[in-house]
1. Got a number for residues in region B:134-160 being away from chain A (no Cβ under 14 Å) and not hydroxyl-bearing (S, T, Y)?
2. Looking at region A:155-175, is at least one residue within 14 Å of another protein chain (Cβ to nearest Cβ) and either at positive phi or among the acidic types (D, E) (or both)?
3. How many of the residues making up region B:811-863 are more than 24 Å from B:D642 (Cβ to Cβ), touching a residue at least 24 places away in the same chain (Cβ under 8 Å) and not in a helix (DSSP H, G or I)?
4. Return only the number of the condition from (1) more than 14 Å from chain B (Cβ to nearest Cβ); (2) part of a helix (DSSP H, G or I); (3) of a type in the set (A, V, I, L, M) that A:L303 does not satisfy.
5. Select from region A:268-283 the residues that are of a type outside the set (A, V, I, L, M), buried (at least 17 other Cβ atoms within 10 Å of the Cβ) and within 14 Å of chain B (Cβ to nearest Cβ) and list them in ascending order.
6. Kindly indicate whether any position in region B:32-39 is exposed (fewer than 14 other Cβ atoms within 10 Å of the Cβ) and modelled with pLDDT under 85.
7. Looking only at region A:71-105, count how many residues are within 13 Å of chain B (Cβ to nearest Cβ), under 24 Å from the mean Cα position of the chain (by Cα) and hydrophobic (A, V, I, L, M, F, W, C).
8. When you check B:E665 against the structure, is it part of a helix (DSSP H, G or I), away from chain A (no Cβ under 14 Å) and modelled with pLDDT under 85, yes or no?
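The values are calculated or read from the model by the stated rules, or taken from the named source; none is laboratory data. Predicted model only: the values in this text are computed from it and were never measured. So basically every Cβ, Gly included, is an ideal-geometry build from the backbone, and we count neighbours across all protein chains shown.
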Amino acid sequence: MWSLKELEREIDDIRARINRHRRDLEEYFVKRADELELATLSAAAQEPLLFVGPPGTAKSDLVVKFVESLGLGDTDYYEYMLTKFTEPSEILGPIDIDLLKQGRFVRRTAGKLPNAKVAFLDEIFKSNSAILNTLLTIVNERKYYQDGAPEPVALRFLFAATNDIPEQTELDALADRFILKIETRPVKDTHFAELIDAGVMNEVYKATGQKPWARGTASFEDFLKFKRYIDLSLGASGSLSGDREQWFPPAVFAEFRRIVRALETEDKVMVSDRKLVKLYKLLRTRAFLLHGGAVQQSDLALLAYVGNRRHELGAVQDKVRKLLGLTS
Amino acid sequence: MTFAILRLGGASDLATFYTLARELPGVLDTPWEALVGADPAGPALLLNAALAGPTVTSLRRKGVAVVRVERHGDGVAYEHRGQRAVWPAVETLGAASLATLLRPVPVGGDPVVEEAWFLVALDAPGAHATLERLLALGRDDASVSELDDDGRPSLLIRVTAPPMYLLLRAREEPAEGVTAFARAHDQSLWVAWSYAHPLAGPIDTQLRARHQTALVDAAGRWRVFDAALATRSIYDILVPTLAAEPVLMTAEPGQRRFQIALRLGLGPLTEPELWLLNAAQFAALEALVESLTADELRRFTVSRLGSAENDGPYYLLHELVRPNVPRMATRVSDLAGVKGFCRSPGTDNLYLPEGRRLQPAMRRDELRALLNLERNRYVILDERQGRLRRYEVASTDDAPLSEWVDFVATDQRTVLDRWLEEAPFAWPELSIERRPRDVEVAARATQDEAPQPPRPRPKKAKEINEVQATAVAPGVDPHAALRAEIRQLEIAVAAGGVDDGAVWSALGDRKAQVSEHDEAAVCFENAVFFEPEAGERVGRAAQLRMRLADKRGSAEELYELVTAQRITPNEAAYLGLRLIEMAAAGGGDDALLQEGGRRFLSPEYPVSRRLAWSVLRALHTRSGDRLGMTRAKEQLLGAINDRGLSDTFDLPRFVRYALALAGTERQDSTLRLRSEQGVLLDGLWRDAVDAGLVRELDPFSNYLRLAFGVGYTRLAAAQRAKELVEPVERELSVHEAPNRVLFGLYLARMAHIATRGDDAAWKREVDERLKACPDARTRDRVEHLRKRSAWLRTESPSSTDPELRPAYHKMAAAAEVDVGAAPETLGRILDDRGVYDYEKEEVVRRLMRSAKASGNDGALSQLLAVCTGRLATKIGQPGYRVRSAGHCMGAAGVLGDVEALDRLLDEVVTVCESPAVPQMADLIDAVKPAILALRRFGATRSARRFLETLVPIASRPGPRSAQLRAILSEGFLRLGDRPRADELLRETLGATLEATMPHADRYFAGAAILNALRYWPTQDRAAESARLLKGIEVFTDTFTASTMKLYPTFKVQLIEQLVDAVGDEVTFESDKVQGYLDEEEQVLRRRIVADWRVVCGA
């Protein structure tokens, strides 16, 4: 694994490559800059991201292009649409019958979620309780069970999509794991012509087997190194509040607190303790990724994506932008 | 000695000063001194002249921290709770009252308040920012006051439900100069937000008395002002600016008019009321006219129109719309095959095609002028091939549609029968003389091409159901006209009971013309059934079947077919038709004919009952074999009694479609029901998953998956079924051998349902799979469940008949063979005192069963008569008496004898009201046939009394009482007493899941509940089914340990029945289909009996 000293030498180049990679991808979408920024940030921080929106709003396309642009192979990517009938063996792999006859409960995970580096799970909240429990373990602890023993998963980036976030308490635990949730809206009303142009071009690429977005601007390893650097730098100061004092100016930190409190008390957005810590880390990651320094007031725009329920997403986004004085 | 009150500067001060204010209210407004240490917000010593002697003691008793103060130079010392504190230097502050000396104390956290006031100096940076933030958050409900704050003009912004963000910002960003205050007590004191003042109550009282309001900030600074402070809207203090360059515009004289082409666009879907029909379309309304009552007929007017283009005549049909009267527009449009016109909203006489409206909207006066609405009676805008066409109808000669109807007598026997039954008069015996077919055809051929104008009405009876070939009007698409004719004929046939071979033959002709060969063949076969003498129809049907069966027509083929182990429906029908031809021609090989006759006698042979009878009739008529004819009759009628008509072979496909399309209230009923049932199954599956019933490598979970898979397959959701059973197939090799075989059987059942295979195919499938069992032990275990499973078994479950003593067994066996003698035998046995009651009941059961299977309705009727008169006196044991009554009710149900049924119900009631009540098992055997009969007849005279008598008996604790209650609940449903039925079913289910009862009783009760649920409306089955599914674990069984290890038999059986209850096949068959089959059954029975009489002369 890389040391902080090693990474410090190349972290600025990595940062530049990841940012360029994000900007390059924007070319292939219409009005999806926010989604791509969040996808990049989630990948850099290795936190799961949930796309919420109706069918046909480029959710799957966005993830697929993101993965392809990193030069990952088919075996590294796992995509599955969950239904109420989906069962763990479809996600984790079937039981190895030969081994079972020897009394071992081992799954054949080739080509399944445990072996993938990037995963996209569509309609995630339509799955049943067995799947939800399995996913919780994977998202939380990055592991699954083989023959009763925990095994680490290769998964690094998890993207999920849903049409709706059901208001069922049993789904709260999984929904809370998605710190950021972004609403993908149709853009045809505002960008009619651009959408058709981009769509036609995409069809041409598909028909001719081209993938111009796979330019190799950034690699999967760049994201791993970036994450490693952030993890190491978070503890580099050596004191309990050292990171905050160094990278989070008090005024911005106070603003962070104010916005979270306002969302909790007025909009009833539940921000759990776990979520708050993850948010801090995401803000630090965003700040470092986008401008290479301490957290700024503008980075707090990330709080626009902390809504939990479907109806909260738009309202929270609107409110955070207003509190921060952002116009759009 | 100096005493002081210790102010700690924390939340405990609130209690201290609350107590002080209560104990010494008089000292609050006397002069006080405060000795403050290094931290002004920290502890302080408060001194007052009243703090001395007994007052100090009293206050200390109340918990107030009063300390003795010793002065040491510039400092002080005191002792509190045993600890001595020394302040080297103190500052002395004086105040006229205690209130102004005390600072507010923080309460901790970020309290949510109802209202807050924000005080900000006008020149502070926070003034502008706070107003902007309020407006950005949409809080323009804030009001503003201006006041002078110690020489600084300031704003006091009042906000209800203040944004938390602004409160936090005011507290945490002192540089912005904003202070937020929240109400401290009732109304007049406002304290810095998230602080509290120790003397808020007394201060508030004083302020109110003085009509003043006070603000106190965290530093203890007071601002007091008059309570009646002027307030303004937030907008009143804003001066909006707009950085936009103005461009001035002025009006110019002149008028320009644009030409806009009117067009028809999508409009609201309303039912049309006007139709413009050509002659053929008008003629197609005959089926509608037939079905209308006189009142309904009067709601239509017709006007015959010509046109300048001479392409008429046209018929303008107008439905007079009456409020709250069902419309007939859909039927008219459907029959005529054209869309109608609706009145355009806002006009009186402009009609537009249904679902269209005129675009763009115009002023009415302009519209009237443009379309000549005022000069015409009707103006109709139509569109053809994208072009608008305007019909202007200046005048009409409207006449009621009833004026266009001729009534004639019909010669159809079934129709007349029904008519006579419904007539309130007594009629002498009718003899019907048919018109010769050729005369009839000739008469029809000379009919006008178009309907005639109104004529006088020398009417006798309304023409009913007489479907005739209609000549095609010139200019009408012949194919469309042919289709229209077919539709009319199909509607007529779908009504059921059509026993006129000419109608079937006409339909067959037309079906053949439009290349629907299989349906044409069915029609010709039915025509042959009713009119065997018309040989050319046999030939045509045989030709069609030959083509469909891919045969060449050689004699060798017939030998192959008649000896074939497996035969397709087309091949069987072809064989039958060729046998009829041979028999009619008097030729053919006797061996072939004999073997053919034997084949067609089998109820399993894949042909319609009509064709089977046609073949058997032809063969026996040819040979004059009366005995054969009688056997054939009884075999066929017995099969019909036993299992009714088959919707696979006896229900033509087009009839099913016609029934599905007929009427509006049941349209797409099959699809709707399937969808509803699919949703219910989805819900149940979800419940099963949530209840933890679906696990990996668990046999019962796999049975659950397979049962739901079968359910989904039935609902035509094959993909979903496949998804569901995929894990079963993956795990197959892991499970024990018997389970593997059983899983395979269930998977085969799914395939069987998906391909609509017949019973014989299923039996073959099962046999093949059982042969593949590795050993006898495995096979036994498979058979254990298979024979109990309603889906896997290939034969009905057998019960052990009680043994009769040899002499009586001999008598009963003889009577079973010679059904004609059965009534006499039964009478003798019932009258014989030496015969035990159980034997009498057994004989009743056997003889009733054999009479039903024989098809000999006369014998059955006599048996019923023998029994009903003797049960009460000849069978003493109440249990056997009610059982016998149950067997008799079954017979009454077959015969349709409602009177007998009522008598038998009364008989059961009488037995139950006597002191010796029968056992539950006996009552169940009696109640089951009663409920079956109620399903057929609905509520009868004695039904309610019967059910009400049995409910208290079924409510007694005891074996199988829950089962009886479940069965009775369906009875109440049949009576239309839904609340009672629901209550009984719910209560029974609750008892079944909770009460302690033997395993078998619990299973039987569960099964009875599920069986009853099948007759509840689809949606209402969900709750109870889900409840039972969640409680499925209680349905344990007591089989051997090794069997339990493999599978829980009762649970599997119940899951099957659960799926049956939710996704059942019965519901798909709409009432109309069942009604059609019932009607056909009666026609068939009458015809078979009539044919048999012709040959046998009985």
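1. Matching residues across region B:134-160 total 15.
2. The answer is yes, given that some residue of region A:155-175 is within 14 Å of another protein chain (Cβ to nearest Cβ) and either at positive phi or among the acidic types (D, E) (or both).
3. Residues that pass the stated criteria total 1.
4. (1)
5. Residues satisfying the conditions do not exist here.
6. The answer is yes; a qualifying residue exists.
7. Number of matching residues: 4.
8. Against the criterion (part of a helix (DSSP H, G or I), away from chain A (no Cβ under 14 Å) and modelled with pLDDT under 85), B:E665 does not qualify.
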